[in-house]
1. So if R0 is 22 Å, what FRET efficiency would residue 42 and residue 20 give, r being the distance between their Cβ atoms, rounded to the nearest 0.05?
2. For the chain, what does the helix formula give at 222 nm: sum of -39500 (n - 2.57) over DSSP H segments with n ≥ 4, over the residue count, nearest 500 deg cm²/dmol?
3. Charges at C-beta only: +1 for Lys and Arg, -1 for Asp and Glu. How large is the resulting dipole of the chain about its Cα centre, in Debye rounded to 20?
4. Can you give the alpha-carbon Rg of the chain over 2.2 N^0.38 Å, where N counts its residues?
5. In nm, what is the difference between 0.36 nm times the number of residues separating residue 28 and residue 9 and their Cα-Cα distance?
Amino acid sequence: MGAVHIKVKLTNAIDEGLVNRGMLAPHLLRELETEALVDTGAT
């Protein structure tokens with residue numbers, strides 16, 4: 001049995017809302033791309 005990994009992109013929701021309203025420059029949006037381990041036994 002192997003491990004399942006997936007790439008995820010996390011974005012700050014408040015920053016995203018401010019960018020959508022034109023109150024924050026898009027280049028200031030805080031986001032992170034990383035790899036996560038998937039729990040295949042979750043129900």
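Every number in this text was worked out from the coordinates using simple rules, so none of it is lab data. This structure is a prediction, so every number in the text was calculated from the model and none was measured. Methodologically, a virtual Cβ is constructed for each residue, glycine included, from the backbone with ideal geometry; neighbour enumeration extends over all protein chains shown.
1. Values: r = 32 Å, r/R0 = 1.44.
That pair, residue 42 with residue 20, gives E of 0.10.
2. Working: 1 runs with 8 residues, N = 43.
Taken over the chain, the calculation gives -5000 deg cm²/dmol.
3. Numbers: 4 positive and 6 negative charges, 23 e Å.
With only Lys, Arg, Asp and Glu charged at Cβ, the dipole is about 120 debye.
4. Numbers: Rg = 15.2 Å, N = 43, 2.2 N^0.38 = 9.2 Å.
Ratio of Rg to 2.2 N^0.38 Å for the chain: 1.66.
5. Values: separation 19, 0.36 × 19 = 6.84 nm, distance 1.57 nm.
Full extension from residue 28 to residue 9 adds 5.3 nm.
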